[in-house]
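A.B. asks: Structure incoming, see below.
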Amino acid sequence: MRTDSDAASRGAGLYHGARPPAPAPGAGAPVYLDHNATSRVRPEVVETVAEAMRETGNASSAHAAGRRARARVDDARREVAALVGAAPGQVVFTSGGTEACNQALRPCDPARTLVSAVEHPAVLEACPGAARIPVDGDGVVDLGALEAACAGRAPGWVAVMLANNETGVVQPVAEAARIAHRFGARLHCDAVQAAGRMAVDFQALGADTMAVSAHKLGGPQGVGALVVRDDGAVQGLLRGGGQERGLRGGTEGVAQIAGFGAAAALARDGAGGGARLRDGIERALAAAAPGFRVFGAGAPRLPNTSRMLMPGVPADIQVIALDLAGIAVSAGSACSTGRAEPPHALAAMGVPEDEARCALRVSLGWDSTEGDAARFTAAWLDVWARCGALREAG
Ligand code: PLP
């Protein structure tokens with residue numbers, strides 16, 4: 001299984017390290033529909049980061065410059081907390097979602113840890129050997145199986161993500177937390193894809209720790225947070241300096257954190273948009289392409305994500321063809337050698353491997369337009385028509 005981020009692994013896999021081809025002449029302005037890999041940074045965030053970088057100051061210094069840096073970090077902490085329904089004092093800034101999940105789960109005993117089968121590698125590989133709780137055909141975690149596993153294993157920790165990065169399927173985290181707590185376990189929630197795209201309420205979900213990441217919601221890459229209900233429940237991965245209440249040593253990245261705060265404030269104002277564009281794409285493709293299917297369509301999903309089947313056409317071929325048309329979307333996972341692996345979330349849902357390999361991920365974002373959706377729909381249908389021979393051969 002890949003160990004790097006969604007975007008890095010996919011990019012490396014498709015072109016095997018070669019320079020990506022230039023868009024075909026006349027392809028039009030680029031259309032970016034890969035926000036689950038990383039979202040375009042909002043212009044206001046760029047300004048905030050630049051402004052913070054123009055100032056000097058370590059947030060731990062006592063002088064005025066240090067106090068100004070501290071104020072930026074504190075402001076951002078308030079914004080991030082407000083975005084996810086937490087108290088500012090529960091937010092620990094990290095280098096991103098991967099670090100946050102590792103901080104929560106690395107110290108856990110795998111024999112006493114349960115994770116949903118569709119978790120991101122940031123969770124799965126933070127606690128390898130943890131038992132996996134199955135999901136149904138729509139990718140929703142089986143709460144009966146969770147309860148049975150809790151009864152059999154006396155777990156210390158349970159991990160259930162809020163929204164899946166591959167399908168957008170939203171998990172019943174509050175119910176999972178109630179089950180975990182009933183058996184004396186704590187619950188970690190990976191909300192990296194959910195924050196900024198749906199309402200997230202740390203308190204109401206009952207999670208004990210929650211991971212969020214700035215670059216999925218229009219903020220900078222390389223900054224995120226672990227939200228912590230009880231500081232005693234987690235340990236610092238990085239020691240030294242005592243920053244972040246001793247839970248994350250190292251000088252705070254003031255500019256990145258300020259950018260995270262700005263992005264969180266904008267996302268909270270509801271600029272993320274609803275499911276109208278995504279649903280329009282799905283309806284148009286379903287009407288025109290026999291065999292088209294959306295994975296996880298029977299479950300609640302993030303409004304921006306569609307994992308869709310173009311039968312008989314491998315997703316990496318779809319990605320290259322769409323890239324040549326100036327449209328950025330994503331195929332399944334790819335390991336570091338560039339060999340495509342069937343996405344593990346789809347495998348856990350029981351999707352046959354030949355279908356999983358033909359499943360494209362489209363993820364819209366705060367800057368997506370009707371025009372983008374129309375360009376994608378037309379280009380997808382063009383690839384579909386041109387790959388008719390491939391389909392018949394398959
Ligand atoms: N969790 C999920 C669900 C993700 O989609 C990602 C990134 O793709 C991560 C965790 C890791 O976050 P980051 O890229 O900030 O390390």
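The values are calculated or read from the model by the stated rules, or taken from the named source; none is laboratory data. Here the structure is a predicted model, which means the values were calculated and not measured. Cβ atoms come from the backbone with ideal geometry, glycine included; neighbour counts cover every protein chain shown. For the accessible areas, the whole protein counts, side chains as well, though only heavy atoms, and no ligand, DNA or RNA atoms are used. Shrake-Rupley method; radii C 1.70, N 1.55, O 1.52, S 1.80 Å.
A.B. asks: So, of the residues in the stretch 201-216 that are more than 10 Å from the ligand (Cβ to nearest atom) and open to solvent by less than 10 Å² (accessible area, probe 1.4 Å), which turns out to be nearest to the chain's Cα centre (by Cα)?
C.D. replies: MET210
A.B. asks: Any residue at all in the stretch 50-64 that's part of a helix (DSSP H, G or I) and either touching a helix residue (DSSP H, G or I) at 6+ places or on another chain (Cβ under 7 Å) or β-branched (Val, Ile, Thr) (or both)?
C.D. replies: Yes; the residues of the stretch 50-64 include at least one that is part of a helix (DSSP H, G or I) and either touching a helix residue (DSSP H, G or I) at 6+ places or on another chain (Cβ under 7 Å) or β-branched (Val, Ile, Thr) (or both).
A.B. asks: Identify all residues within the stretch 154-173 that are in contact with a Leu (Cβ under 7 Å, 6 or more places away or on another chain) and open to solvent by 20 Å² or more (accessible area, probe 1.4 Å); write none if there are none.
C.D. replies: Within the stretch 154-173, TRP157, VAL170, PRO172 qualify.
A.B. asks: Here's a check for you: in the stretch 342-381, which residue that is aliphatic (A, V, I, L, M) and more than 23 Å from the chain's Cα centre (by Cα) is least open to solvent (accessible area, probe 1.4 Å)?
C.D. replies: ALA379
A.B. asks: Another question, if that's okay. Can you find a residue that is open to solvent by less than 20 Å² (accessible area, probe 1.4 Å), in a loop (DSSP other than H, G, I, E, B) and among the aromatic types (Phe, Trp, Tyr) anywhere in the stretch 253-264?
C.D. replies: no
A.B. asks: If a residue must be out of contact with any Pro (no Cβ under 8 Å at 6 or more places or on another chain), under 15 Å from GLU47 (Cα atoms) and within 16 Å of the ligand (Cβ to nearest atom), how many such residues does the stretch 240-260 contain?
C.D. replies: 1
A.B. asks: Considering only the stretch 217-239, state which residues are open to solvent by less than 30 Å² (accessible area, probe 1.4 Å), more than 15 Å from ALA267 (Cα to Cα) and within 13 Å of the ligand (Cβ to nearest atom).
C.D. replies: Across the stretch 217-239, the qualifying residues are VAL223, ALA225, LEU226.
A.B. asks: Given the criterion closer than 18 Å to ALA194 by Cβ and within 16 Å of the ligand (Cβ to nearest atom), identify the matching residue among ALA130, ALA122.
C.D. replies: ALA122
A.B. asks: While we're on this one: Only residues that are more than 11 Å from the ligand (Cβ to nearest atom), over 23 Å from PRO352 (Cα atoms) and among the small types (Gly, Ala, Ser): list them for the stretch 98-119, please.
C.D. replies: Passing the criteria: ALA104, ALA111.
A.B. asks: Oh, and also: Between residues in the stretch 69-98 that are touching a residue at least 24 places away in the same chain (Cβ under 8 Å) and in a helix (DSSP H, G or I) and residues that are of a type in the set (Val, Ile, Thr) and away from the ligand (no atom under 16 Å from the Cβ), which pairs lie under 8 Å by C-beta distance while being six or more apart or on different chains?
C.D. replies: The qualifying pairs are ALA69/VAL254; ARG72/VAL254; VAL73/VAL254; GLN90/VAL228.
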